[in-house]
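The next block holds one structure in the form of structure tokens; read it before the comments.
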Amino acid sequence: MKLICVQNDPGALKIVVAAHYTKQDVSITAPSRTKKNLSSTLVLDSGVELFSSNSACSYILEASSGSNNAIEVQEFLEWEATKLNPLVSSLIVGVSNGKKAESSEVGNCLKQISDALKGKPYLVDNKLSAADIVIWSTLYPLVSEQKLSKIVPSDLSEWHNKLSSLDSFRAAVEKLNPKSGVENWASSIPPVTIQFSNLSIAPSAVKSQGSLKLPVANPVLPVKGKKNILITSALPYVNNVPHLGNIIGCVLSADVFARYCRARGHPTLYISGTDEYGTATETKAIAEGLTPKQICDKYHEIHSQVYKWFNIGFDHFGRTSHEHQTEICQDLFLKLHKRGLTLTESMEQLLCENCDRFLADRFVEGECPLCGYEDARGDQCDKCGKLVNATELKNPRCKLCQKKPVTKESKHFFIDLPKIEPKLREWMATSSPGWTNNASVIAHSWIKDGLKPRCITRDLKWGIPVPLDGYREKVFYVWFDAPLGYVSMTKTYTNDWEKWWKNPEEVEYYQFMAKDNVPFHAVMFPSTQLGSGDNFTIVNHIMATEYLNYEDGKFSKSRGVGVFGSDVQDTGIPADVWRFYLLYVRPESQDSSFSWNDLMTKNNSELLNNLGNFINRALMFVEKNFDSSIPKVEFTAEDNELVKNINEELVGYNEALEKAKLRDGLRFILAVSRHGNQYMQSNQPWVLVKGNEAEKKRAGSILGLSANIACLIAALLRPYMPCTTETISKQLQAPGKTAFDIPDTFSILLPENHKIGKPAPLFSKIDAAQADQLKARFAGSQEDQAARSSGGKPTPPSLSGDVAALQAAVAAQGEKVRKLKSETKDKTVWQPEVNILLDLKKKLTEAEKAAAAAPPPPQASGEDIDSLTAAVAAQGEKVRKLKAETKDKNVWQPEVQKLLDLKKRLEAASKNAPPKAEAAQPAPPASASKASELEAAVAAQGEVVRKLKAETKDKTVWQPEVDKLLLLKKQLAEIQGVPATQTQSGGKSGKKKK
Amino acid sequence: MVLCDANVITNTCKFLNLNAPGDIAFLPSGEVILKTKSKEVKGFASVLESIIISQGNASHLVPSNPEELAQLRQWLEICITTVNFADSQSTAIKELNERLAKVNFLVGNRISVADAVLYYTIYPVLARATMHEKEQFCHLSRWFSTVQHLPKLKAGHETIAFSRNPLYSN
């Protein structure tokens, strides 16, 4: 047998005593470095490893005697493992850390042993057993250490000493030779034992949690008489990676504000999380072949990681798929229902009986009722471009299973907004002055013409079920449940959630979002809250941003344009600089744009040359010339002037941040450091320090004041750049945390003779080459980026700009219409957008006609061939588009099949079309294998061309490949018995020749 | 709630086709006791051991020699000292995960009552765990997804899904 153990492990003692008692040999080795934290392990001759010292001890005794432990012995062993050992271990660690050797729990345990031993030499059945060995070993450090022995009752130490005098016990101690000293015993205890020691005292007190995460020990709660701030940021939707626009729009802005409120000493709770329910998740799940739950798990994690990297300090970052969400949402709905604020209405919808689900528009295909096109989608026909209703399609089929759905009436709940409207107006009149201008304008335009009932249920699976009989198959509309996520996530954070949410008198509530979310937060969410009749905390301040553009276009999640949270981490630019720049360009009152060059400029001019330079200069001089200790500050008239200026900036800073004008706040910080730089520059302490005694003193005073200004700047930066504040704080060795609370006026926080730490530059330069490189890397869509990183050429601008631009506009508008339609059935809402779309399409057709007129008209030699060629091209385009959109083969496979069919027909037609075709010889058998080779080559080349064309509009790039393809096709046609001349005169190749 | 509760004991009895040899009750302190005609046994592991021993060693599911008994006991000890707190302390799962790194089955090279006890104990935690969490505890997930397919063990528990391919970068 081999025992792997550390020297001072009582567990090892158990095993060695048992081995000596049964006269067996055990060799002892020290554990490898990596396994030091694990308990002693006994390796049997058979190779079996016993890592529990209790069962190892029992095993040795049982194997020798041939009889099993009595169950009473086992009870003692279990008690030792769950109670005595964790408590004794925790006591030892406590004493080694300087605590007193007192523990009522250990005392109780020791008393239990004394009681069990009353009038008996051994614990069980008057003979030595594993129970005695195990408990003796665990108590060994208590009895042998002077610091600890006083808590052992005398009768117990008597029993202990008696056992210690037995041969096998004495020999075991000699063999292991533990070092005396409490700290030596403490060091051998595996950390995990200590962690569970407090749990093992009262196991029933440990509450069950929904997941593996620990409950929050000290949740932030409102304090009476203080300014209690509740902050939420719009929940990011879970189906994508967030981009910079999303980050600045909600979570980052809210984070800065929350950090500011905390630094001002207000009790502040900042809650956000991922919004997970709805069609978009279901669609994404189908596309990725996962369940909606798995999609949410995956993307929730991605979101968490991104926000963690950006140092977003949520008090809790939750999920709407939590059970609390279901509970709160259903409860609120039932309250509205009971108060008569809901309506029901029937709507016709397509139900796929095979999939057992109602089909959203994007899940239906069928024949267009207007033009007869076979593959019209549920919302729009791709061929004639008309918008259609899913229920009007002829021969509709489910996109997932291709079976025919049936039309069915489906009853839906509507929230009766007109009934709540008076209350809403009253609330909005008092609340909206505290909102940003755009929020107020959007909200008022919504209620201007009066509100209409809004549908709040959907026929989906992935959502919160409606808790009423007859509707249990339906779920709530995602915008009905999402805002309630703020409430449910608070409940997940603390059981006292009502102190925040049912406490409008003492809590001030701020919501951060981009302007597109305003209607839901200004009208829908307050309406449900007001309608419920509960005394809810309703938003006081809606802080909406405009949009952040990317370089000169838009950020787009769906098209993958812009910089995404996950990419940012590989740019080599620190999170704090990102935070700084995003806040510097925060789209506060109008749209703003992100640009790499501007990022570089702002980093170099503001952070590096202004702020970083000032702080670094001040601290370096203090270190070099004053031995790292702050000199005495003696105020002169000029100093007073400087302090006055700084105080003015400070007032401006606080005013801006109270109103969450974060972009302005940043300007005031930079102004403070600019004052500092000017002060240094005009006084030139580096000259004075070399002068006479008075000048030297003045230099000290200047630097002392500058260092204190640096300390103020660090405090002001705290909401914006938390890591930088940390760094400055280390360099200043600022006393306590209070030095970085945000004050109302400037004061001297670093007293005379305060020792500072080691100064170091705070920021590094971003050079033009780096900025250009990043700009190139993130140009275009993510697909382009991917293509480029795999060695492709950069995309040159499109040649047929007009048509392309229109196409893009049509696509974007189409997306918008689809989205609107999926959100609402209200025709008045989407009709104007639809009109815009139709208009755009008209323009596009005209533009295309014009473009088509420019090149020489194709030489038609057979109408059939021409129309087929056109059909092949159209179908090819469709397939390419589908493939670009989704990886799901099920989606595009049918289309590919059609394309192949068309191609076959075209091939057949081009064989038959020429008058002389009948005379053509059938392909000789010898060339058959050559023909199949060529066919494969044609297919491969076709793929190359398609890919190229999808990537770029530049004809010069793909033309050479196209020519190759044509040549191959020609060869193939020749082999298959079609004379080359004829092929040239008709079909595609003919066009190219002319 | 702790995880080593009466459900685990009753499920384990079912797994062994046994009736508990007496009444199972809880003390106010949260401890399990087994009351038989002749005596009382206190403690989750001790109760289970006395039930398993009452089976004799006829079944291949219970230990047949001292070595196997010692291994069973050490897993019971892991259950009561570590796994028990797995729903409130994630270090407990980490610790368990490490322990399972080199193990196919807990005792010997076949499924046994030790696997059953751990399965019933850890089930509620894994049923609630997210994909990401399960992926972090790869040894535990591997062991669990192996044993959960034994129909007799499963007895009404739903199959927990594990991903074969890593979904997350860390």
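Read-outs throughout are calculated quantities, based only on the coordinates presented, and are distinct from any laboratory measurement. All values derive from a computational prediction rather than experimental measurement. Cβ placement follows ideal geometry from the backbone for every residue including glycine, while neighbour counts extend to all protein chains displayed.
Mind listing which GluC sites (Glu not before Pro) in segment B:59-96 are in a DSSP loop and have 14 or fewer other Cβ atoms within 10 Å?
Values: sites: B:67, B:68, B:77, B:95; in loops: none.
Listed in order of number, the matching sites amount to none.
Which of the GluC sites (Glu not before Pro) found in segment A:632-665 are loop residues per DSSP with 16 or fewer other Cβ atoms within 10 Å of their Cβ? Within segment A:632-665, the qualifying GluC sites (Glu not before Pro) (loop, at most 16 other Cβ atoms within 10 Å) are A:634.
Suppose every Lys and Arg Cβ carries +1 and every Asp and Glu Cβ carries -1, with no other charges. What dipole size does chain B come out with about its Cα centre, to the nearest 20 debye? Before the final figure, lay out each step's value.
Details: 16 positive and 15 negative charges, 67 e Å.
With Lys and Arg at +1 and Asp and Glu at -1, about 320 debye.
With each label modelled as a point 7 angstrom along the Cα→C-beta vector, the residue A:753-residue A:177 pair spans 5.2 nm.
Counting pairs of alpha carbon atoms under 8 Å apart in space and at least six apart in sequence, what relative contact order in percent does segment A:1-139 give? Display every interim value, and only then the final one.
Details: 157 pairs, mean separation 36.7, N = 139.
Reported as a whole number, the value is 26 percent.
When only Cα pairs below 8 angstrom with a gap of at least 6 residues are kept, chain B shows a relative contact order of 21 percent.
If a/c stays under 1.5 just call it rounded; otherwise compare a/b with b/c (prolate if a/b is bigger, oblate if not). Do that for segment B:3-123, with a ≥ b ≥ c from the square roots of the Cα gyration tensor eigenvalues. Before the final figure, lay out each step's value.
On the way: a/c = 2.03, a/b = 1.14, b/c = 1.77.
Verdict is oblate for segment B:3-123.
If r is the Cβ-Cβ distance from residue A:538 to residue B:38 and R0 is 60 Å, what FRET efficiency results, to the nearest 0.05? According to the calculation, E is roughly 0.35. For chain B, the longest principal axis of the alpha carbon atoms and the long axis of helix B:6-15 meet at an angle near 90°.
For the pair residue B:98 and residue A:403, label points projected 7 Å from Cα toward Cβ lie 5.2 nm apart. Applying a DSSP loop filter and a limit of 16 other Cβ atoms within 10 Å to the GluC sites (Glu not before Pro) in segment B:97-170 leaves B:158. Would you work out which of A:601, A:585, A:524 lies farthest towards the positive end of the dipole of segment A:500-617, given +1 charges on the beta-carbon of Lys and Arg and -1 on that of Asp and Glu, about the Cα centre? Ranked along the dipole, the leading option is A:601.
For a test of the definition: using alpha carbon positions, the gyration tensor, and the 1.5 limit on a/c, classify segment A:18-174 as rounded, prolate or oblate. In terms of gyration-tensor shape, oblate. Phi-derived couplings, Karplus 6.51 cos²θ - 1.76 cosθ + 1.60 at θ = phi - 60°, listed residue by residue for segment A:438-449: 4, 4, 5, 5, 4, 4, 5, 5, 6, 8, 4, 8 Hz, with x used for Gly and Pro.
Using the Cβ-Cβ distance between residue A:871 and residue B:159 with R0 set to 56 Å, the FRET efficiency works out to roughly 0.70. Whole-Hz Karplus ³J(HN,Hα) for segment A:833-843, in order, using 6.51 cos²θ - 1.76 cosθ + 1.60 and θ = phi - 60°, x for Gly and Pro? Per residue, the Karplus-derived 3J(HN,Hα) values read 5, 4, 4, 4, 4, 4, 4, 4, 5, 4, 4 Hz. Long-range amide H contacts for residue A:316: which residues qualify at under 5 Å (H placed 1.01 Å from N, peptide plane, sequence gap of 5 or more or a different chain)? Result for residue A:316 returns A:270, A:272.
Each residue of segment B:151-167 is assigned a 3J(HN,Hα), and the resulting list reads x, 5, 5, 5, 5, x, 6, 6, 5, 8, 7, 10, 8, 6, 9, x, 9 Hz, derived from the Karplus form 6.51 cos²θ - 1.76 cosθ + 1.60 (θ = phi - 60°), x at Gly and Pro.
Taking 0.36 nm per residue of separation and subtracting the Cα-Cα distance, what length does fully extending residue A:690 through residue A:426 add? Show your work: numbers first, answer last.
Numbers: separation 264, 0.36 × 264 = 95.04 nm, distance 6.98 nm.
Length gained between residue A:690 and residue A:426: 88.1 nm.
Which FRET efficiency, nearest 0.05, do residue B:17 and residue A:22 yield, Cβ-Cβ r, R0 41 Å? Each step should come with its number before you reach the end.
Numbers: r = 36 Å, r/R0 = 0.88.
For R0 = 41 Å, the calculated efficiency reads 0.70.
Note on residue A:392 and residue A:623: their simple-model spin labels are 7.5 nm apart, each label 7 Å out from Cα toward Cβ. The fewest-to-most ranking of A:151, A:456 by surrounding Cβ atoms within 10 Å reads A:151, A:456. Counting other Cβ atoms within 10 Å as a rough exposure proxy, the listed residues B:4, A:355 run A:355, B:4 from fewest neighbours to most.
Between the amide H of residue A:397 and those of A:365, A:366, distances stay under 5 Å, these residues lying 5 or more places away or on another chain, with hydrogens modeled in the peptide plane.
Listing A:578, A:479, A:309 from fewest to most neighbouring C-beta atoms within 10 Å gives A:309, A:479, A:578.
Between residue A:733 and residue A:166, what length in nm is gained on full extension when 0.36 nm per residue of separation is reduced by their alpha carbon distance?
198.2 nm
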